[in-house]
Amino acid sequence: MTPDVVTVPPETPVMAMARLLADRGISAVPVVDAAGKVLGIVTEADLIRRLAGEEDRPSSWFGALFADPASQAERYARTHGVTAHDLMTEKVVSVAPDTSAAHIAHMMEEQKIRRVVVVEGEKLKGIVSRADLLRALVAPPHVEAELSDERIRRAVMAAMKKEPWTDTFYTMVEVKDGTVTFHGFRRSDTVQKALRVLAENVPGVKAVQDDTQPMPVFIYGGA
């Protein structure tokens, strides 16, 4: 999370926001009221849309027959507005300070957004952007103590049981000195790759070795 967030009040002029984003090298700025409550957010896309709106032409009479007046009015306000209140996106996706990076990443992917605001109560606490998530991804994992091989094996097995594509009946797991080795049979090379990725994501795993063999037809057919 980026805690020191630049904010603007709703009456901030468009050009002032454009200069602010350019000078600070940021791509969005939350709009807050005097009490610190988040009212919306203005992004680079909003400002570019405002600039592009200067080239808008009236729709033809035929197109006007099928146009939605409410949508047209909203677009006009956002492409001709002169303040942050006019341009901002009011529907802001927010999370609590203790929300996990994985959950935030899922929200961004699902809702196709680039950032979420972090709020506590109604007060802005920060912003999490895609860049913040990348930093969390490359940060070294925190392992409090050396995990035993048996504990790692149980963790790998538990992870496998959560996935519908794994087969804990025909695939066995062995762990020695933090190295996970898969024995038995696999249904496909894709499953083999996914098993490696699954094991690599288990805390304490230092290496992964795959000694599985393609599943015989007589077993696969009866599975």
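For residue 133, the shell of other residues with beta-carbons less than 15 Å away shows a net charge of +2, using +1 for Lys and Arg and -1 for Asp and Glu. In this simple spin-label model, placing a label point 7 Å from the Cα along the Cα-to-Cβ direction at both residue 110 and residue 35 gives a separation of 2.9 nm. Applying the Karplus relation 6.51 cos²θ - 1.76 cosθ + 1.60 with θ = phi - 60° to region 160-168 yields 3J(HN,Hα) values of 5, 5, 7, 9, x, 8, 8, 9, 6 Hz, where x marks Gly and Pro.
Between residue 190 and residue 103, the modelled labels are 3.1 nm apart [label points 7 Å from Cα along Cα→Cβ]. Stretching the chain fully between residue 210 and residue 179 yields a gain of 10.1 nm (0.36 nm per residue, less the alpha carbon separation). Between the amide H of residue 40 and those of 31, distances stay under 5 Å, these residues lying 5 or more places away or on another chain, with hydrogens modeled in the peptide plane. Near residue 4, once Lys and Arg are set to +1 and Asp and Glu to -1 for all other residues with Cβ below 14 Å from its Cβ, the sum equals +1.
Once backbone amide H atoms are built at 1.01 Å from N, residue 184 has 172, 213 as its partners under 5 Å, excluding neighbours fewer than 5 places away on the same chain.
In order along region 84-95, the Karplus-derived 3J(HN,Hα) couplings, from 6.51 cos²θ - 1.76 cosθ + 1.60 at θ = phi - 60°, round to 4, 4, 6, 8, 5, 8, 7, 7, 9, 7, 10, 9 Hz, and Gly and Pro are given as x. Proximity of backbone amide H atoms, modeled 1.01 Å from N, is registered between residue 126 and 118 at under 5 Å, excluding neighbours fewer than 5 places apart on the same chain.
Could you give each residue of region 99-114 its phi-based ³J(HN,Hα) in whole Hz, using Karplus coefficients 6.51, -1.76, 1.60 with θ = phi - 60°, and x for Gly or Pro? Per residue, the Karplus-derived 3J(HN,Hα) values read 5, 6, 4, 4, 5, 5, 4, 4, 5, 4, 5, 5, 9, 6, 10, 9 Hz. Taken along the Cα-to-beta-carbon direction at a fixed 7 Å, the label points for residue 93 and residue 22 span 3.0 nm.
Computed from the coordinates by the stated procedures, all read-outs in this text should not be read as laboratory data. All figures in this text were calculated on a predicted structure; none of them were measured in a lab. Note that we place each Cβ from the backbone using ideal geometry, even for glycine, and neighbour counts take in every protein chain shown.
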